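K.L.:
Can you read through this structure? Questions will come right after.
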Amino acid sequence: MPEFVIQQHQQQLQQQPQLIHWDLMLRTGSVLATWQIPEPPQNWPKKTITCTRIFDHHLKYLTYQGPLSDNRGHVKIAAAGQYHPLQITENLWQLTLTGDNINGKLTLQLLKLDQWKMTFNGETK
């Protein structure tokens with residue numbers, strides 16, 4: 001089964017408060033398809049969250065924790081594991097996550113451009 005990781009990304013922008021979001025990264029071949037999510041995994045169950053599809057990341061981010069180049073912040077792994085694709089199309093990703101801190105069915109559905117609707121039915125620690 002392919003791997004996934006959820007990273008907590010803390011950004012410190014000059015003269016602004018610290019910003020935090022979570023990156024859901026799903027291994028697809030030689031890259032990580034990535035969605036930026038404004039809420040922590042503990043808030044995902046039985047909730048609809050609008051998230052943003054961002055650029056694909058390098059595979060090194062499956063295990064990387066630490067500072068990001070160009071003062072873009074710091075990342076740490078919030079959850080990791082494997083996923084089983086149920087259906088993956090251009091506009092819909094349905095999969096089952098099996099991980100250390102999260103387990104359940106995740107659905108990502110394209111709304112418009114890079115905006116997606118995410119729902120998660122499962123458990124988090």
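K.L.:
His58: farther than 14 Å from Leu106 by Cβ, surrounded by fewer than 15 Cβ atoms within 10 Å (Cβ to Cβ) and modelled with pLDDT of 95 or more, yes or no?
P.N.:
Taking the combined requirement at face value, the residue satisfies it.
K.L.:
Also: Is there a residue being closer than 11 Å to Trp44 by Cβ and out of contact with any His (no Cβ under 9 Å at 6 or more places or on another chain) anywhere in segment 80-99?
P.N.:
Kept after step one, since they are closer than 11 Å to Trp44 by Cβ, are these residues of segment 80-99: 97.
With out of contact with any His (no Cβ under 9 Å at 6 or more places or on another chain) added as a condition, the list becomes none.
For segment 80-99, residues closer than 11 Å to Trp44 by Cβ and out of contact with any His (no Cβ under 9 Å at 6 or more places or on another chain): absent.
K.L.:
Please enumerate the residues belonging to segment 33-77 that are β-branched (Val, Ile, Thr) and within 20 Å of Asp100 (Cα to Cα).
P.N.:
Selection gives Thr34, Ile37, Thr63, Val75, Ile77.
K.L.:
While we're looking at this one, here's another question. Tell me yes or no: at least one residue of segment 44-52 is free of Cβ contacts under 8 Å to residues at least 40 places away in the same chain and surrounded by 13 or more Cβ atoms within 10 Å (Cβ to Cβ).
P.N.:
No - not one qualifying residue is present in segment 44-52.
K.L.:
Let me ask something additional. Kindly list the number of the only condition in (1) within 16 Å of Phe120 (Cα to Cα); (2) aliphatic (A, V, I, L, M); (3) surrounded by fewer than 17 Cβ atoms within 10 Å (Cβ to Cβ) that fails for Leu68.
P.N.:
The single condition Leu68 does not satisfy is (1).
K.L.:
I would also like to ask the following. How many residues are modelled with pLDDT of 95 or more, part of a strand (DSSP E or B) and more than 10 Å from the chain's Cα centre (by Cα) if we restrict to segment 10-31?
P.N.:
3
The values are calculated or read from the model by the stated rules, or taken from the named source; none is laboratory data. From a predicted model like this one, the values you see are computed outputs, not experimental measurements. Cβ sites come from the backbone with ideal geometry, for glycine too, and all protein chains shown count toward neighbours.
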